[in-house]
Amino acid sequence: MTLVACLAHIRRGFFKAKNSNLALSRHFLNETRIIYDIEAYCDYKSIGDAERAAIRKKHIRLILDAMGKWLLENRPTLIPDSPIGKAVTYAANHWELLYHYLEDGKLLPDNNGAERAIRPVTLYRKNSLFAGNENGAGRAALFFSLLETC
């Protein structure tokens, strides 16, 4: 098993930091958006896994290298507890794990698909707090489990 970082989670901190440092946030988000553009192109052209991995190694590795260097250069200049400081620190701490996704064309740059798949479960867990009583919660769990597996 290989641990791979999620680019969406890394980018989320920069979205939150837009109000505190628009220039750095915008730069990071624009550069990493290119990764998603390359992935969209591969999807549009129905490029296979092996060729997708080759494209990633040729094009996306350059982006990861440049942005990794950018993170290391900017990290010492930022206040660690500021929103942009937290975003850069999180990104720098997880950056090397993004490189694993270049090796396998089946992998995605983020885990948004998996999170969408479990959203009904987490939403039900939250809504169960309002089931009324234990019997109602049990019936609701049975009903929603049946619906989700159909």
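The values are calculated or read from the model by the stated rules, or taken from the named source; none is laboratory data. Quick caveat: nothing in here was measured; it's all calculated off a predicted structure. Quick reminder, even Gly has a Cβ in these numbers, built from the backbone with ideal geometry, and neighbours come from all protein chains shown. We work out accessible area using only protein heavy atoms, side chains counted, and drop any ligands, DNA or RNA first. Shrake-Rupley method; radii C 1.70, N 1.55, O 1.52, S 1.80 Å.
One line per residue, one yes/no per condition, for (1) under 30 Å from Ser145 (Cβ atoms); (2) touching a residue at least 40 places away in the same chain (Cβ under 8 Å); (3) surrounded by fewer than 12 Cβ atoms within 10 Å (Cβ to Cβ); (4) in contact with a Gly (Cβ under 9 Å, 6 or more places away or on another chain):
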residue	(1), (2), (3), (4)
Gly85	no, no, no, no
Leu97	no, yes, no, no
Arg119	yes, no, yes, no
Tyr124	yes, no, no, no
task: Tell me which of these Thr77 doesn't satisfy, since it passes every other one: (1) of a type in the set (Ser, Thr, Tyr); (2) out of contact with any Leu (no Cβ under 9 Å at 6 or more places or on another chain); (3) open to solvent by 10 Å² or more (accessible area, probe 1.4 Å); (4) touching a residue at least 60 places away in the same chain (Cβ under 8 Å).
output: (4)
- request: Could you please find all residues in the stretch 30-40 being open to solvent by less than 10 Å² (accessible area, probe 1.4 Å) and hydrophobic (A, V, I, L, M, F, W, C)?
  value: Ile35
message: Go through (1) in a helix (DSSP H, G or I); (2) closer than 17 Å to Ala5 by Cα; (3) charged (D, E, K, R) for Glu73 and report which single condition fails.
response: (2)
message: Only one of Leu72, Leu64 is open to solvent by 40 Å² or more (accessible area, probe 1.4 Å) and modelled with pLDDT of 90 or more. Can you tell me which?
response: Leu72
- line: In the set Ile35, Ile10, the lone residue that is closer than 13 Å to Leu108 by Cα, part of a helix (DSSP H, G or I) and under 15 Å from the mean Cα position of the chain (by Cα) is Ile35
message: For the stretch 43-76, give me each residue that is more than 16 Å from Asn30 (Cα to Cα) and among the small types (Gly, Ala, Ser).
response: Ser46, Gly48, Ala50, Ala53, Ala54
